[in-house]
Every structure is written in C-alpha cells, then in structure tokens.
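A.B. asks: I'd like to ask you about the structure that follows.
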Ligand SMILES: [Zn+2]
C-alpha cells in the first residue's frame, strides 16, 4: 500500500495493489501504508505519449546533420530518419530505448505507444523495446512498422511476423503488442491486407502513419484511392480502435470518416513543425485525438505547450474552445481501452498509474507509480541508474553516428 500524501487539506491518494483505493484529504488515508511526501507537488494520472519512436532516443546526443540539408518531407526521411533506422542494431536500440523510457518516467509519462523500425535488426527488436519498459516499469504498446521501402514484400512480411511473434510470446504484464504499418506510401495492397488480418487474428489493432505529408496523399491517389485513409480502410487495414498518427493532410470529411471507423488520431505538434509538414487543421472534427511526440522526448507538458502555440497560430477552433486540453485525456482513454483498464480519473477503482509532479515549467516527477508499483521515488528511478543509462547511451550514440555516416 502506498500513500501519496499532499499534506493537510490537500487531495492525497491511497493505492492498494494495482488500484486507487482512496482519494481525499482525510488523515486516515495513510493507515498502514508507505508514505510518500507529495507536499508542494501536483498529484495526477500519469501522462500518455500515444505515438513515438524509441529508436530515435539517441538523436539528441549529437546525431550528425546530413551533408546536404533536406528541403522536402521525403528528403528529411531519406537523409535523416531512414538512415538512422537502418543503422540501428540491438545494442544501440537497447541504449536508446532505456534512455527514452527513463526520461519519460522522470517527466511523469507512464504509458508509451511505440512505433518501431530497424531494417537491419527486425527479428527480436520488439523484445529489446519491451525489456526496457519492463525493466524500468513503464506501460507500453509496441509494434514493428512493416514497410517495403528497403527490401520489398519480404521486408514487410518480416516486420509483420515480428509483430505476430512478439504478441504470441510476450508475457510482460505492462507491455502489449499492436501491428505496425509504416505508412500507405511505402506498402503494397497485400501488406495492408495482411496487417489488418494479423491484427484481427491477434485481437489487437494497427498503428500507422497516415497523411503526415502531401506525398502520402499523392501516392494513394496514384493508386486509385481518394487518399491514404480511404485506401487503408478499403483494404481492411485498420480494425476499429487502430491508431492513426498525424492526419495532417486529411480534410474534415476524412477526419469524420476516421472517427466513424472507430479509430484514434494522434497529433504530434513538435514533429509536424520540425518536419515542416503543416498543421493538422481538421482534427477538431474527431472526438478521439490523443497527443504524441513522434520520437521527441516524452515530456507531454512541453508537447502540450507546443500544441497550444501552433494551434493558436493556425487558427484551430479548438484553441479557443478548450478542446486542446482533451488531447492528454484522450491518450489515457486510448491506452485504457486497449489495456482494459481505467487510467483516469484520479478516483477509487482506477488503475494506479499516478504521478506527483514538481510544480513549475519543467515536467519533473517526484514520484511515479505504474500499476501500483513505485518506479520513480524522490526524482530517481527505482529500477535503474540514470547516470549508467546515460553513459551507455553516449557510448552507443558514438557507434551509431559512425555507422550512419557509412549509409
Ligand atoms: Zn511517427
């Protein structure tokens, strides 16, 4: 039993097993429980990062800029991210994932929906990611993003097979599988159909990038579809509950179609700005839009600040209605729905993914509880040594940049 004690007259939380057992200001809340001092901190449900890439966790550690500066979205992918993912091996992935998960927890982010690609290390890659979450105590969904862009159909089948293998073998209670598709523009009809069928067979959903940039829309049109979302739906590649990242170039009618198909959209403000793909101006037409960082650090308060800034600049109607504040709540709904738990509200019976955040502009967690287990205490990881994790990350980053230069 844990008692997150905010002090006299303030809302405190008692956790019993994996659930919240009491919320209130009563002095009897802590009877028989281990007390965690939360005076001056804010107690709230853990944050969810609904779309990210742990494989880019080393990027802030000096990733070399491309020789020729990219001008278009495809050039950014080809000269930066697709070179990075091809250079990833097991050791680099482990270091990247551990650093990413550690920093996520320390920022109060308790759940991550990862979308993974490492073409030179496909089989077993999801275990490396899952082990990082399991070891440090985070909740995570993993998938391998099947693509044909390096090795054709064979590459896509290996990606889907990795999703299936992981889903069947996995015994970690906080890590679950989705089926990944990179994006409509890098896969054939057959791969989309196979992804949808595999997700249905496994009782899970598909996680894919959709309409991130005009190139994805133009490709779907060349293939005879109105757009990528119409193509993925027509080929039964997105079972209900699937996760669709970006949707920057969907119009209002398409976003309504996404919503009617029971899909989750995930907005990634900092990434969209960095990749200069535009602002997703139609997402207000869906009631299911979560927030992701697309590989940027999992500090959801910072991502939310970027969201408000960019939404205001773009004239998004939700910037004035308060609708943007729903994004983080929607992330909790998304993960709760998939995991069969309630991550919010902060109330009796909800699953105990609870954080005590230091007040102030930076997201620093004092204590973090996931599934009733204390995983950050007093601003330090309970199950890992941050300095050792950073040391391993620096060492692996240097190796990774050397390999990237040769690709
Ligand atoms: Zn992404």
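A.B. asks: Which percent, nearest 5, of DSSP beta bridges in the chain are antiparallel?
C.D. replies: Bridges in the chain are about 45 percent antiparallel.
A.B. asks: Helix 125-136 against the longest principal axis of the chain: what's the angle in degrees, Cα atoms only, rounded to the nearest 10?
C.D. replies: Taking Cα atoms only, the helix is inclined about 10 degrees.
A.B. asks: Also, I was wondering about something else. Return the distance in nm (one decimal) between the two label points of a simple spin-label model at residue 236 and residue 37, each offset 7 Å from Cα along Cα→Cβ.
C.D. replies: Between residue 236 and residue 37, the simple spin-label model gives 6.0 nm.
A.B. asks: Starting from the Cα of residue 329, step 7 Å along the direction of its Cβ; do the same at residue 301; then give the gap between the two resulting points in nm.
C.D. replies: It works out to 2.0 nm between the two label points.
A.B. asks: Project the alpha carbons of region 235-356 onto their principal axes and report the range along each, largest first, in whole Å.
C.D. replies: For region 235-356, the Cα extents along the three principal axes come out at 40, 38, 28 Å.
A.B. asks: Ok, one more. Of 202, 265, 357, which has the largest mean-square fluctuation in a 10 Å C-alpha GNM of the chain?
C.D. replies: Highest fluctuation among the options: 202.
A.B. asks: Taking R0 as 56 Å, what's the FRET efficiency between residue 65 and residue 28 from their Cβ-Cβ distance, rounded to 0.05?
C.D. replies: Approximately 0.45, to the nearest 0.05.
A.B. asks: Quick one: compute the contact order of region 45-339, relative version, from alpha carbon pairs under 8 angstrom and 6+ residues apart, as a percent.
C.D. replies: 18
A.B. asks: Taking a spot 7 Å from the Cα of residue 382 along the direction of its beta carbon, which residues of region 127-171 have an amide N less than 12 Å from it?
C.D. replies: 136-138
A.B. asks: How many nm is it between the label spots at residue 407 and residue 86, if each spot is 7 Å from the Cα in line with the beta carbon?
C.D. replies: 0.7
A.B. asks: If you don't mind, another one. Please order 63, 1 by the number of other Cβ within 10 Å, starting at the fewest.
C.D. replies: 1, 63
A.B. asks: In which sequence would 56, 184 go, from the one with the fewest C-beta neighbours within 10 Å to the one with the most?
C.D. replies: Result, fewest neighbours first: 56, 184.
A.B. asks: What FRET efficiency, computed as 1/(1 + (r/R0)^6) with R0 = 41 Å and r the Cβ-Cβ distance, is obtained for residue 154 and residue 218, rounded to the nearest 0.05?
C.D. replies: Working from the Cβ atoms, E equals 0.95.
A.B. asks: Taking the chain as a Gaussian network, Cα atoms linked when under 10 Å apart, which of 45, 70, 361 shows the biggest mean-square fluctuation?
C.D. replies: 361
A.B. asks: Something else now. Hey, got the Cα dimensions of region 59-130 along the principal axes, in Å, largest first?
C.D. replies: Projected onto the principal axes, the Cα atoms of region 59-130 cover 36, 30, 20 Å.
A.B. asks: Which whole-angstrom value gives the distance between the alpha carbon centres of region 242-292 and region 5-59?
C.D. replies: 30
A.B. asks: Next up: Hey, how much of the P(r) for the chain falls beyond 37 Å, as a percent of Cα pairs?
C.D. replies: Every Cα pair in the chain considered, those over 37 Å come to 19 percent.
A.B. asks: Using only Cα atoms, find the angle between the long axis of helix 152-169 and the longest principal axis of the chain, and express it within 0 to 90 degrees, rounded to the nearest 10.
C.D. replies: 20
A.B. asks: Another one. Run the helix sum for the chain: -39,500 (n - 2.57) per DSSP H stretch of 4+ residues, divided by residue count, reported at 222 nm to the nearest 500 deg cm²/dmol.
C.D. replies: Calculated mean residue ellipticity at 222 nm is -11500 deg cm²/dmol.
A.B. asks: Separate question: Any idea what log10 I(q)/I(0) is at q = 0.13, 0.18, 0.22 Å⁻¹ for region 102-209, Debye with uniform C-alpha scatterers and no solvent?
C.D. replies: With one equal scatterer per Cα and no solvent, log10 I(q)/I(0) is -0.44, -0.80, -1.10.
A.B. asks: By its C-alpha gyration tensor, with a ≥ b ≥ c as the square roots of the eigenvalues, how is region 207-278 shaped: rounded for a/c under 1.5, else prolate for a/b larger than b/c, else oblate?
C.D. replies: Here region 207-278 falls in the oblate category.
A.B. asks: Pick out which of 223, 14, 240 has the largest mean-square fluctuation in a Gaussian network model of the chain, springs linking Cα atoms closer than 10 Å.
C.D. replies: Ranking 223, 14, 240 by mean-square fluctuation puts 223 first.
A.B. asks: Is region 293-407 rounded, prolate or oblate when judged by the Cα gyration tensor, a ≥ b ≥ c being the square roots of its eigenvalues, rounded requiring a/c under 1.5 and prolate requiring a/b larger than b/c?
C.D. replies: Because a/c hits 1.5 or more and a/b fails to exceed b/c, region 293-407 counts as oblate.
A.B. asks: In degrees between 0 and 90, to the nearest 10, how far off the longest principal axis of the chain does helix 300-314 point, with axes built from Cα atoms?
C.D. replies: Between helix and principal axis, roughly 50 degrees.
A.B. asks: Between residue 193 and residue 346, what length comes free when the chain is fully extended (0.36 nm per residue of separation minus the Cα-Cα distance, one decimal in nm)? Let's see the in-between values first.
C.D. replies: On the way: separation 153, 0.36 × 153 = 55.08 nm, distance 3.96 nm.
Value of the extension gain: 51.1 nm.
A.B. asks: Next up: Relative contact order (percent) for region 318-406, with alpha-carbon contacts under 8 angstrom and 6 or more residues of separation?
C.D. replies: Averaging sequence separation for qualifying contacts and normalising by length gives 12 percent for region 318-406.
A.B. asks: May I pose another question? Quick one: 185, 73, fewest Cβ neighbours within 10 Å first, how do they rank?
C.D. replies: Placing the least packed residue first, the sequence is 73, 185.
A.B. asks: Related question: At what distance in angstrom do the alpha carbon centres of region 348-391 and region 210-234 lie from each other?
C.D. replies: Each part reduced to its Cα centre gives a spacing of 40 Å.
Readers should treat all values here as calculations from the given coordinates under stated rules, not as data from a laboratory. Being a predicted model, the structure only gives us computed values, none of them experimental. Because the Cβ atoms are built from the backbone with ideal geometry, glycine has one as well, and the counts that use them run over all protein chains shown.
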